[in-house]
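**Student:** The structure is given below, and queries will be raised subsequently.
Please treat every number below as a calculation from the coordinates, not as lab data. Because the structure is predicted, anything quoted here is derived from the model rather than measured.
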Amino acid sequence: MKNIFLKFVIILGSASIFVAVFLAFRPGPVQNSPRNNFSASIAEIVSPPKEGRILIQAAEGGGVWVNNFYKTAKAYWPEMNAILLRKTSGYEVRYYRDGGSFEVALNTHSSVKDKANGEDSLFDLLGIGKPDLCRLNVAVTSPYDIGDTISEPLSFCGSVLK
């Protein structure tokens, strides 16, 4: 009887240790998983280009060579096929893969400085000058009314192209 009880205690102890080790070393929840309705990491979903510069289609045809922004991108939204390039409290910079377009999305409380900083972010991210930046499909959007947005071109593009 003593042997059975001793075997039972050993088995129970071993099972307890196994469960404790299993719980301690299991991976935590994935915060950026599309299954959790959060953005997914780019490497999870997209095979990003590995080159240092990539060619983006220009609005009027042709292309513009830009820095490979996939390398520094923050997130990927599969439902929009969009890549988050930069996020601050005042704006987000996004690239929409389907249309090959960029967006500087201002938030509700953005200032004129946020807009300028968002536009300047494209210089940093893409590594191109104003003339080439104005050739790309870029929109600056800001919330207007519940669910509505105003979309306008980059503030300096009118003077650059004239």
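**Student:** Convert each backbone phi in region 55-66 into a coupling constant with the Karplus relation 6.51 cos²θ - 1.76 cosθ + 1.60 (shift: θ = phi - 60°), then list the ³J(HN,Hα) values in order as whole Hz, x for Gly and Pro.
**Tutor:** For region 55-66, the Karplus curve yields 9, 10, 5, 7, 4, 9, x, x, x, 10, 7, 10 Hz.
**Student:** Quick one: which residues, 5+ away or cross-chain, put their amide H under 5 Å from the amide H of A59? H built at 1.01 Å from N.
**Tutor:** Hits under the 5 Å cutoff: L136, N137.
**Student:** Go through region 106-117 residue by residue and turn each phi into a ³J(HN,Hα) via Karplus (6.51, -1.76, 1.60, θ = phi - 60°); whole Hz please, and just put x for glycine and proline.
**Tutor:** These are the phi-based 3J(HN,Hα) values: 7, 8, 4, 9, 5, 9, 4, 5, 4, 4, 4, 5 Hz.
**Student:** With the Cα gyration tensor of region 37-160 giving a ≥ b ≥ c as the square roots of its eigenvalues, does the rule (a/c under 1.5 for rounded; else a/b larger than b/c for prolate; else oblate) give rounded, prolate or oblate?
**Tutor:** Because a/c hits 1.5 or more and a/b fails to exceed b/c, region 37-160 counts as oblate.
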